[in-house]
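A short write-up of the structure that comes next.
The values are calculated or read from the model by the stated rules, or taken from the named source; none is laboratory data. These figures come from a predicted structure and were not determined experimentally. Positions of Cβ are generated from backbone atoms using ideal geometry, with glycine treated the same way; all protein chains shown enter the neighbour counts.
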Number of protein chains: 2
Amino acid sequence: MPEKLRVIQMGLGPIGQRLVQYLAQRPAVELVGAIDIDPQKTGMDAGLLSGTRELGVAVSADAVSALQLDAQIVILATGSSLVHILPQLEACLRAEKSVVSTCEELAYPFADHPKISAHLDDLARQRGVAVLGTGVNPGFLMDALPLFLSSACQQVAGVEVQRHQDAAIRRLPFQRKIGAGLSPAEFASQYQAGQIRHVGFAQSIRLIAHAFGWQLDQVEERVEPVVAEDPTSSTFIQVAAGQCAGLRQVGRGICKGKTLITLELEAYLGHPNPRDTVIIHGQPNVTSTIQGGVDGDIATCAMVINALQALRNARPGLRTMAEIPLTHWFGA
Amino acid sequence: MPEKLRVIQMGLGPIGQRLVQYLAQRPAVELVGAIDIDPQKTGMDAGLLSGTRELGVAVSADAVSALQLDAQIVILATGSSLVHILPQLEACLRAEKSVVSTCEELAYPFADHPKISAHLDDLARQRGVAVLGTGVNPGFLMDALPLFLSSACQQVAGVEVQRHQDAAIRRLPFQRKIGAGLSPAEFASQYQAGQIRHVGFAQSIRLIAHAFGWQLDQVEERVEPVVAEDPTSSTFIQVAAGQCAGLRQVGRGICKGKTLITLELEAYLGHPNPRDTVIIHGQPNVTSTIQGGVDGDIATCAMVINALQALRNARPGLRTMAEIPLTHWFGA
């Protein structure tokens, strides 16, 4: 048996707490430290705080000390903005810990943040550790999965991904984030304010293009409301006819006027046919569908934990899902 | 741009020739050598022999000399039996070349050939190169793909794969291998003689179990004919009612009397619903279907070529698809 992976959890918000719950179910992984800046959490047992069994790990607000613990990897779940989490990332790397993060921008940061990316890559190589951003999307359904499916192809001319979700079964924050229950005018204004939108399309598009060796001239995104024709609802939200039930977001990677990559997210209350479909236009064509779609709340945390083992065997540096060993569930 | 991958093709039978055709279409790869023991092929241009353009690479029967060429990787397509190809593998590793092979037994050789596996692993590590067996099956549909889909799961209790194929559109040797056109008695006798059967189920089952950390007590396989109720046919073969249209093969990985892994291949003339389906029983459940199924003739060769880049970044040693970086198509 390989020795247990020793992990520090940094960030104990809703996602961080779910990660701790999941870590507690994995015999191959041991939580040895927990970090959060919220003074109300300091000193609490990370397991009890997270709604699972007592784990004997007290939450610390002192990241610098906690990062000195004997661990191989830090799970960083403190935000979506790379600039915001940068000091935390640097602290982890300086403590010679590899990092798996839920930060969407970290899934492929090289295009939007070339200087920060080069800096993180240098720092990680110097310290002999690896850094990865992953999750269900970006990290799996719209990038790594189409990439892996393309393994069966001798030629690839284009990629389409369709993630169609019935948002009625998701958490309230997700339903809010897609604009369910808003009027079209409210949707437009919240979209302008940056409150409505899935983050990660550009990262997924650039990750695919880079792995395939495609030079993109343009990456564009478009978000529009899905307006309910009939009243619909979830446990949390009532949507009248004419109000927004959710959104449709489309991202495109374009080369010389030709769309090579199309990512489409439809997430609204009452979607009649939830599914995740990947279409590789190539030789051969490959169309793969996960009926019902992958549960995003579970899968984001599962992806992060399942990447721990692969990251341990990855080459040092700032890595993407296309560069680390194949991730998979692991049990005992 | 990364420099071109320099590749030697060893074995120029039907699969080897298709590999050369495909290599000729890949700008990122350069064929620098070609080896085959058939004296009728010696000296011929490997490209012309393979039905593609002239590549300026003459086929050599002298493997030892040809392996001294400046190349990083050998593609070995000379057989399904590990014992049979062992001397060729050793010669490649001693020449400090990594190897990707279509040899089905090499996809996961550790259980059936532990001594040979340890020897190859040692030799590859000593020479700083990596060895991999891959293809569409084993190598992708029944092992690496279910493994990768499990990345989205926090728990996995079982795996099922169903590969259902309409054999009427496949090559004649494939139709022969599944027993199409035989009487049930002929099928039984050819099966006993080892002529009917897909090789690779045991390797796929053990690869999944190893990656998941499952200890299997038993791996079993069963093959039965699919008898035509009505006459059916392909371009090559007429099947009368009561004759065999193909086969159904089921492999199981069992732990303490419980089946954890089930692989099912149905391949017969006129299959009404060809598809490749992976079912992960877990949290969440994931059911993924490729409608029509993946074209096996193209995909086996594509998998081998698409693994070249990943293998170059793999750790030295005898590796599986679960240990090398995520494979994907690559273009320019």
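What the table shows:
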| read-out | value |
| --- | --- |
| Residue in the range A:110-120 that is touching a Ser or Thr at 6+ places or on another chain (Cβ under 6 Å), at pLDDT 95 or above, surrounded by fewer than 24 Cβ atoms within 10 Å (Cβ to Cβ) and not hydroxyl-bearing (Ser, Thr, Tyr) present | yes |
| Residue list for the range B:240-274, filter: over 19 Å from residue B:161 (Cα atoms) and of a type in the set (A, V, I, L, M) | B:240, B:241, B:245, B:269 |
| Residue in the range A:2-19 that is farthest from the chain's Cα centre (by Cα), counting only those that are over 17 Å from residue A:306 (Cβ atoms) and part of a loop (DSSP other than H, G, I, E, B) | A:3 |
| Every residue from the range B:272-291 that is over 19 Å from the mean Cα position of the chain (by Cα) and of a type outside the set (A, V, I, L, M, F, W, C) | B:272, B:273, B:274, B:281, B:282, B:283, B:284, B:285, B:287, B:288, B:289, B:291 |
| Within the range B:37-154, helices (runs of 4 or more DSSP H) holding 1 or more residues that are touching a residue at least 40 places away in the same chain (Cβ under 8 Å), of a type in the set (A, V, I, L, M) and within 14 Å of another protein chain (Cβ to nearest Cβ) | B:144-149 |
| Test result for residue B:313, at negative phi, at pLDDT below 95, of a type in the set (S, T, N, Q) and out of contact with any Gly (no Cβ under 8 Å at 6 or more places or on another chain) | yes |
| Filtered residues of the range B:269-316 (kept if of a type in the set (S, T, N, Q) and closer than 29 Å to residue A:295 by Cα) | B:273, B:277, B:283, B:285, B:287, B:288, B:289, B:291 |
| Count of the range B:155-170 residues which are in a strand (DSSP E or B), of a type in the set (A, V, I, L, M) and more than 13 Å from chain A (Cβ to nearest Cβ) | 1 |
| Test: residue in the range B:298-319 that is more than 18 Å from residue B:74 (Cα to Cα) and either touching a helix residue (DSSP H, G or I) at 6+ places or on another chain (Cβ under 8 Å) or crowded, with 19+ Cβ neighbours inside 10 Å (or both) | yes |
| Output for the range B:217-238, where each listed residue is touching a Lys or Arg at 6+ places or on another chain (Cβ under 7 Å) and under 23 Å from residue B:255 (Cβ atoms) | B:217, B:219, B:220, B:223 |
| Hits in the range B:252-293 - residues which are farther than 25 Å from residue B:238 by Cα and hydrophobic (A, V, I, L, M, F, W, C) | B:254, B:255, B:260, B:261, B:263, B:278, B:279, B:280, B:286, B:290 |
| Verdict on residue B:178 being in contact (Cβ under 8 Å) with a residue 24 or more places away in the chain, crowded, with 21+ Cβ neighbours inside 10 Å and more than 16 Å from residue B:269 (Cβ to Cβ) | no |
| Unmet criterion (only one of (1) surrounded by fewer than 16 Cβ atoms within 10 Å (Cβ to Cβ); (2) among the β-branched types (Val, Ile, Thr); (3) more than 23 Å from the chain's Cα centre (by Cα)) for residue A:57 | (1) |
| Members of the range A:237-254 found to be within 25 Å of the chain's Cα centre (by Cα) and either loosely packed, with under 15 Cβ neighbours inside 10 Å or of a type in the set (Val, Ile, Thr) (or both), listed by number | A:250, A:254 |
| Residue satisfying all of: in the range B:188-218; more than 13 Å from every other protein chain (Cβ to nearest Cβ), buried (at least 18 other Cβ atoms within 10 Å of the Cβ) and small (Gly, Ala, Ser); nearest to the chain's Cα centre (by Cα) among these | B:200 |
| Single match in A:65, A:81, A:50 (criterion: at pLDDT below 95, of a type in the set (Ser, Thr, Tyr) and farther than 12 Å from residue A:10 by Cα) | A:81 |
| Some residue of the range A:162-170 being surrounded by fewer than 17 Cβ atoms within 10 Å (Cβ to Cβ), within 18 Å of the chain's Cα centre (by Cα) and among the hydrophobic types (A, V, I, L, M, F, W, C) | no |
| First in the range B:303-332 and more than 23 Å from residue A:316 (Cβ to Cβ) and more than 7 Å from every other protein chain (Cβ to nearest Cβ), second anywhere and among the aliphatic types (A, V, I, L, M) and assigned to a loop (DSSP other than H, G, I, E, B), Cβ under 8 Å, 6 or more apart | B:304/B:77 |
| Residues located in the range B:255-280, provided they are surrounded by 22 or more Cβ atoms within 10 Å (Cβ to Cβ) and away from chain A (no Cβ under 11 Å) | B:261, B:263, B:265, B:267, B:268, B:269 |
| Cβ pairs under 6 Å, 6+ apart, first in the range A:281-293 and within 8 Å of chain B (Cβ to nearest Cβ) and farther than 19 Å from residue A:264 by Cα, second of a type in the set (Val, Ile, Thr) and surrounded by fewer than 20 Cβ atoms within 10 Å (Cβ to Cβ) | A:284/B:298 |
| Yes/no for residue B:208 being modelled with pLDDT under 95 and on the phi < 0 side of the Ramachandran plot | no |
| Residue match in the range A:219-229 (condition: crowded, with 16+ Cβ neighbours inside 10 Å and either farther than 26 Å from residue A:193 by Cα or under 22 Å from the mean Cα position of the chain (by Cα) (or both)) | yes |
| Candidate set from the range A:60-87 (those that are in contact with a strand residue (DSSP E or B) (Cβ under 6 Å, 6 or more places away or on another chain) and closer than 16 Å to residue A:130 by Cα); member that is surrounded by the most Cβ atoms within 10 Å (Cβ to Cβ) | A:74 |
| Residue tally, condition surrounded by fewer than 18 Cβ atoms within 10 Å (Cβ to Cβ) and more than 14 Å from chain B (Cβ to nearest Cβ), over the range A:3-27 | 3 |
